[in-house]
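As structure tokens, the structure follows; a few thoughts come after it.
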Amino acid sequence: MMKIAIGCDPNAQKEKEEIIEYIEKKGYGEVTDFGSEDVIYAHVAVKVGEAIAAGKYDRGILICGTGIGMSISANKVKGISAALITDVYSAERARLSNDANVACIGAFTTGCKTREKLIDAFLGNEFVEGCASQPKVNAFREYDMNRK
């Protein structure tokens, strides 16, 4: 069963609750809520990222107004590949071609049904080892592991 870490900023509490309910309804896995009270959303993003990088969770979902700040923040954690997903194709490619382990979503920029489709695309796909994108993924993983 997939273990999913989720967090948001205070503005996205309602959307986070809807996403948790949707993930549980669809049976994607066990969800752990990392909170939403901290107005400094970077703190939540880093907590989620560190938990995934440590191997405690398989994937993460972060929500803020646009998803941009969460994406930038999560990508500061070594071992995290956070993707801002705004459409189904990019959500699919985040997994299939880029092996992203965190999806960042905008609460103010996506509606409920769109968020559900994004979650389906992100959680319902796996990275294809040996695909044409493998050398690119290997390169950014190497850069990530060699940074200080």
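The values are calculated or read from the model by the stated rules, or taken from the named source; none is laboratory data. Please read all numbers here as calculations on a predicted model, not as lab measurements. When we count neighbours, we look across all protein chains shown, and the Cβ atoms used for this are built from the backbone with ideal geometry, even at glycine.
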Open item on the list: Consider region 25-69. How many of its residues are modelled with pLDDT of 95 or more, surrounded by 23 or more Cβ atoms within 10 Å (Cβ to Cβ) and farther than 25 Å from Met1 by Cα?
Closed with: 2
Task: Whichever residue in region 112-148 is assigned to a helix (DSSP H, G or I) and β-branched (Val, Ile, Thr) and, among such residues, is farthest from Ile68 (Cα to Cα) - done: Val137
Open item on the list: For region 42-72, give me the residue count where each residue is within 13 Å of Ile105 (Cα to Cα), assigned to a helix (DSSP H, G or I) and not small (Gly, Ala, Ser).
Closed with: 3
Open item on the list: Condition check: closer than 20 Å to Glu18 by Cβ, within 13 Å of the chain's Cα centre (by Cα), polar (S, T, N, Q) and not in a strand (DSSP E or B). Does Thr109 satisfy that?
Closed with: no
- [ ] Name the one entry in Ala94, Ala103 that is in contact (Cβ under 8 Å) with a residue 24 or more places away in the chain, touching a strand residue (DSSP E or B) at 6+ places or on another chain (Cβ under 9 Å) and part of a strand (DSSP E or B).
- [x] Ala103
Task: Residues satisfying the stated conditions in region 85-101, i.e. crowded, with 22+ Cβ neighbours inside 10 Å and farther than 19 Å from Ala139 by Cβ - done: Ile85, Ala91
Task: region 1-34 - residue that is farther than 16 Å from Leu118 by Cα and basic (Lys, Arg) and, of those, nearest to the chain's Cα centre (by Cα) - done: Lys3
Open item on the list: Filter region 12-29 down to the residues that are in contact with a strand residue (DSSP E or B) (Cβ under 7 Å, 6 or more places away or on another chain) and either of a type outside the set (Asp, Glu) or more than 25 Å from Ile72 (Cα to Cα) (or both) and list them by number.
Closed with: Ala12, Lys16, Ile19, Ile20, Ile23, Glu24, Tyr28, Gly29
Task: Single residue of Val77, Val31, Val48 found to be over 30 Å from Pro135 (Cβ atoms), touching a helix residue (DSSP H, G or I) at 6+ places or on another chain (Cβ under 8 Å) and not aromatic (Phe, Trp, Tyr) - done: Val31
Open item on the list: When you check Ile85 against the structure, is it at negative phi, in contact (Cβ under 8 Å) with a residue 60 or more places away in the chain, of a type outside the set (Lys, Arg) and in contact with a helix residue (DSSP H, G or I) (Cβ under 9 Å, 6 or more places away or on another chain), yes or no?
Closed with: no
- [ ] Being under 18 Å from Phe140 (Cα atoms) and touching a Phe, Trp or Tyr at 6+ places or on another chain (Cβ under 9 Å) is the filter here, so list the residues in region 60-83 that pass it.
- [x] Ser73, Ser81, Ala83
Task: Among (1) modelled with pLDDT under 95; (2) within 19 Å of Met145 (Cβ to Cβ); (3) touching a Cys at 6+ places or on another chain (Cβ under 8 Å), the one test that Asn98 misses - done: (3)
Open item on the list: Just to verify a result, which residue in region 128-138, among those that are closer than 23 Å to Asp58 by Cβ and surrounded by fewer than 17 Cβ atoms within 10 Å (Cβ to Cβ), is nearest to the chain's Cα centre (by Cα)?
Closed with: Val128
